[in-house]
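Worksheet: the structure to be examined is printed underneath.
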Amino acid sequence: MNVMPGYVREEGMSEQSTSLLSVTDKKRLLREMLYARRFEERCYEAYVERKIGGFLHLYSGQEACAHGVLEAARPGFDYVITGYRDHIHAIKCGADPREVMAELYGKETGSSRGRGGSMHIFDVKHRFMGGYALVGGPFPLAAGIAKGIKMKGGEEISICFLGDAANNQGTFHESLNMAKIWNLPVLYVCENNLYGIGTRIDRSTAVLEQYKRAAAYDIPAGQADGQDVEAVYAAAVQAVEHVRSGNGPYFLELKTYRYRGHSMSDSNAYRSKDEEREWLKRDPIQILRNRLIDANALTLDEFKAMDREILDQIENDVVKFAEESPEPAVEDLEKYVLAENDPYVHGGRQ
Amino acid sequence: MAQMMYWEAIRRAHDEELAHDPLVIAMGEDIGVAGGTYKATQGLYEKYGPERIIDTPISENGYTGIGIGASFVGVKPIIEIMSVNFAWLATDQIVNTAAKVRYMSGGQLTAPIVIRSPGGTAHQLGAQHSARMEKVFMGIAGLRVVTPSNPRQAYGLLKSAVRCEDPVFINEHELMYNLKGEVPDEEYFHPLEGSEVARPGRDVTLLGYNISVHWCLQAAEILAREHGIEAEVLDLYALSPLDRAGIRASVARTHKAVVVEEAEAPVGVGAEVMAVLNEECFFDLDAPPRRVSAANVPIPYNHALEKAAIPNARDVVAAVLGLFPGRNN
Ligand SMILES: Cc1ncc(C[n+]2csc(CCOP(=O)(O)OP(=O)(O)O)c2C)c(N)n1
Ligand SMILES: [Mg+2]
């Protein structure tokens, strides 16, 4: 199969406008995506230094997906849920990067108090409902959150980000079916990076264009270039509008690529250097940067200054916070297993 | 106190909790228009409507996950899984999500769902409709497991389970839905932890749960009548957390113990209770404790084979008599 960048625009899909975002918004998005890249690359270093343990799945290369979609939604208000590649989704929802880094360090000040780790970032006050490690697990959870929104009559929508390989789980089919029959306000975003660990999509999946699979459940779907944040944004505006207006679920596929291995233990032996190089040419940060420079809205020096400022902040604020934070107390090992002092455990009021 | 059947008690608890809180919902296969396989939700669809009494597709893992997701934002779902045999398909969401989310989020999220499901061996339903799964769920940290032996418990445990912040698995029984018993007229919340002395006695403790409590009670009758042995029956309606203190207190009085379970012995409720007896009652015991369990086989269809696979009151009597060598008439 063709694994090189680009996406198919099917007949009948609307040509997406790329001029929806203001220059100020684009510059902010550029900064956020660059921050995300630098954050993830700093995690890589901390992992090599053994400051971070366990499995670590980095988002480098896919930044335009989370940023484009959530820019079109209302982060902190809409509910967001995803898999184990979750740091950047959490931060875009409003999570404090210091708490995310502290979580990776296993500290008490971490988003999940050091009990979750990289794959289980939670920030419920910003409605980031978690990262989950079982591939496909969040599909029904997102539909359930949408059911709750609907019962309570809220304006929120539920957004679920998962990978291409997750669509081969039973939960994909069960959840899309129920989301449709119950007309739930849920947006499924498929970040199609062509691989599930080391298995290329054409070796695992009968239908290569993931958005087509939503038709099996009569759910409207779209596809966009996941390396171009403006294209993602434009597609997501339509998707979010559809869901928020009470029209039921929507499925959005984003064609993207991850630069690093699946997790830190992966050497990428299953794909060619050529393929990797081609995708690096379509880097989401460079695309937006060059566009802004071409439009005389940004200079290269300004970009470099922005980068230095981000690196400084990550080092002297984010990493420092994680390094200096305390570990959880071992006496608290059994905290958070069950609710504390729930009166109904003892028969209610009496 | 009114007499009502087990299914009527469960239905009453549903009705009261649905009326109490508009965010309580019930979901499961055939629970709405059809009224529920065991009538536990009969008439509720008409009363509360399709948004709250939800007929689901046959997607156990999917709808359990939807219930869990809804519980993240304040909904209180009562999920009926038609038979525990089908709950195996939902173990992913029950175990990987509901039981762990409080812990792995550092206390930020909880999944206050109730899952009700009939377990146990009924009449010749064959290997794939006769599973007993309580031992699977009681081994999972973060999940409460209760199992009512009578209509009062069935009513009060469901009421408390709905109100409790933790995920609760309620293990019911296919053969018990028509069991009659007294249920308080006033609202009643049964504790989700502890145990109950179903019959006091001084000579031996019979530890049962759900249907095996009834075998223990029958055995206690026979033992008293035919052998002069006064058995205490301890009803372990809470399997997780297990009432270690209650077990210790009873065995401290009787000095002998027999655990009775409907499931196969390996890695089971009986094995767990035996561990408690060993760790906490060792010096109180006058004789090695015994287990009465099902045969370790997939449950057969043939009536005689099925009967032989599952314990009964006579098996309990025989096990007790083994602890009283002098009285082994
Ligand atoms: C139920 C389950 N099976 C297998 C795994 C191991 N695993 C982790 S990620 C992964 C690949 C998922 O690929 P995809 O959904 O495309 O997401 P991506 O990692 O590409 O973002 C697999 C097989 C798992 N975590 N959960
Ligand atoms: Mg993938």
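Leaving ligands, DNA and RNA out of it, rank B:Arg244, A:Arg42 by accessible area with a 1.4 Å probe, largest first. Walk me through the numbers before you get to the answer.
Numbers: B:Arg244 85, A:Arg42 25 Å².
So the residues, ranked largest to smallest area, are B:Arg244, A:Arg42.
If you plug the beta carbon distance of B:Lys307 and A:Ala206 into 1/(1 + (r/R0)^6) with R0 = 51 Å, you get a FRET efficiency near 0.60.
Hand me the trypsin sites (Lys or Arg not before Pro) from the stretch A:307-350 located in a DSSP loop with no more than 11 other Cβ atoms within 10 Å, in residue order please. Walk me through the numbers before you get to the answer.
Working: sites: A:Arg308, A:Lys320, A:Lys335, A:Arg349; in loops: A:Lys335, A:Arg349.
Taking the stretch A:307-350 and a limit of 11 other Cβ atoms within 10 Å, the loop trypsin sites (Lys or Arg not before Pro) found are A:Arg349.
Ranking A:Asn2, A:Cys160, B:Met4 by how far each Cα lies toward the positive end of the dipole of the protein assembly as shown (charges on Cβ) leaves A:Asn2 at the top.
When a 1.4 Å probe is rolled over the protein heavy atoms, the share of accessible surface on chain B that falls to carbon and sulfur comes to 54 percent. Inter-label distance, B:Ala271 to A:Glu276: 4.7 nm, where each label sits 7 Å from its Cα along the C-beta direction. Across the protein chains, with a 1.4 Å probe defining accessible surface, the residues B:Trp88, B:Trp7 rank B:Trp88, B:Trp7 from largest area downward.
Ordering A:Gly222, A:Tyr195, A:Ile293 by Cα displacement along the dipole of chain A toward the positive end leaves A:Gly222 in first place; charges were set at the Cβ atoms of Lys, Arg (+1) and Asp, Glu (-1).
Just so you know, the Cα atoms of the stretch B:2-183 work out to an Rg and Dmax of 15.0, 46 Å. The charge dipole of chain B, taken about its Cα centre with unit charges on the Cβ atoms of Lys, Arg (+1), Asp and Glu (-1) only, comes to about 440 debye.
With a cut-off of at most 12 other beta carbons within 10 Å, and DSSP calling the residue loop, which GluC sites (Glu not before Pro) in the stretch B:38-96 qualify? Please list them.
Numbers: sites: B:Glu46, B:Glu51, B:Glu60, B:Glu80; in loops: B:Glu51.
Of the GluC sites (Glu not before Pro), the ones in loops of the stretch B:38-96 whose Cβ has at most 12 other Cβ atoms within 10 Å are B:Glu51.
Mean projection of the Cα convex hull over all viewing directions, computed for the protein assembly as shown: 33.0 nm². The Kirkwood hydrodynamic radius of the stretch A:201-307, based on inverse pair distances between different Cα atoms, is 16.7 Å. Within the straight-line cut-off of under 13 Å between alpha carbons, the aspartates and glutamates reachable from A:Lys304 are A:Asp312, sequence neighbours fewer than 8 places apart in one chain being disregarded. In chain A, helical runs assigned H by DSSP with n ≥ 4 each contribute -39500 (n - 2.57); averaged across all residues and rounded to the nearest 500, the mean residue ellipticity at 222 nm is -12000 deg cm²/dmol. How many Å² of accessible surface get buried when B and A come together, counting both sides, probe radius 1.4 Å, rounded to the nearest 100? For chain B against chain A, roughly 3900 Å² becomes buried. Along its principal axes, chain A has C-alpha extents of 67, 50, 41 angstrom, given from the largest down. Principal axis analysis of the Cα atoms in chain B yields extents of 64, 44, 40 Å, listed in decreasing size.
Any idea of the accessible area per residue across the protein assembly as shown, 1.4 Å probe, to the nearest Å²? Spell out each step's value before the answer.
Numbers: 25610 Å² over 679 residues.
Accessible area per residue, the protein assembly as shown: 38 Å².
The string of couplings for the stretch A:47-59 from the Karplus curve (6.51, -1.76, 1.60, θ = phi - 60°) is 5, 4, 6, 6, 7, 10, x, x, 8, 10, 10, 9, 9 Hz, one whole number per residue in order, with x for Gly and Pro. Simple point charges give the picture: +1 on the Cβ of Lys and Arg, -1 on the Cβ of Asp and Glu, and for the stretch B:1-148 a dipole about the Cα centre of about 460 debye. Principal axis analysis of the Cα atoms in the stretch B:196-321 yields extents of 42, 34, 23 Å, listed in decreasing size.
Whole-Hz Karplus values for the stretch B:96-102 come out as 6, 9, 4, 6, 9, 5, 4 Hz, taken residue by residue from phi with 6.51 cos²θ - 1.76 cosθ + 1.60 and θ = phi - 60°; glycine and proline positions read x.
The GluC sites (Glu not before Pro) of the stretch A:22-115 that DSSP puts in a loop, and whose beta carbon has at most 13 other beta carbons within 10 Å, are A:Glu49. According to the Cα-based calculation, Rg over Rh for the stretch A:71-196 is 0.98, with Rh computed by the Kirkwood formula. About the centre of its Cα atoms, chain A shows a dipole size close to 460 debye [charges on the beta carbon of Lys, Arg (+1) and Asp, Glu (-1) only; nearest 20 debye].
With the full set of protein chains in place, find how many percent of the accessible area of chain A is carbon and sulfur; take the probe as 1.4 Å.
Numbers: 6900 of 14170 Å².
Answer for chain A: carbon and sulfur cover 49 percent of the accessible area.
Please give the solvent-accessible surface of A:Met264 in Å², to the nearest 10, using a probe radius of 1.4 Å with every protein chain present. Per-residue accessible area (A:Met264): approximately 40 Å². Accessible area per residue (1.4 Å probe, heavy atoms of protein chains only) ranks B:Met274, B:Met27 as B:Met274, B:Met27, with the largest value leading.
Straight-line cross-link partners of A:Lys273 among the aspartates and glutamates, defined as a Cα under 16 Å from its Cα and at least 8 positions apart when in the same chain: A:Asp283. Which entries in the list A:Lys125/B:Lys159; A:Lys27/B:Lys76; A:Lys92/A:Lys180; A:Lys150/B:Lys100 go over 32 Å, if you measure between the two C-alpha atoms of each? Over 32 Å Cα-Cα: A:Lys27/B:Lys76. Label separation (A:Ala216 vs B:Glu46): 3.9 nm, computed from points 7 Å beyond Cα along the C-beta direction. Derived scalar couplings between HN and Hα for the stretch A:299-307 equal 10, 4, 5, 4, 4, 5, 5, 4, 4 Hz in order, rounded to whole Hz, by the Karplus curve 6.51 cos²θ - 1.76 cosθ + 1.60 (θ = phi - 60°), x for Gly and Pro.
The values are calculated or read from the model by the stated rules, or taken from the named source; none is laboratory data. These numbers come from a predicted model, not from an experiment. Note: ideal-geometry Cβ built from the backbone for every residue, glycine included; neighbour counts use all protein chains shown. Heavy atoms of the whole protein, side chains included, go into the accessibility calculation; ligands, DNA and RNA do not. Shrake-Rupley method; radii C 1.70, N 1.55, O 1.52, S 1.80 Å.
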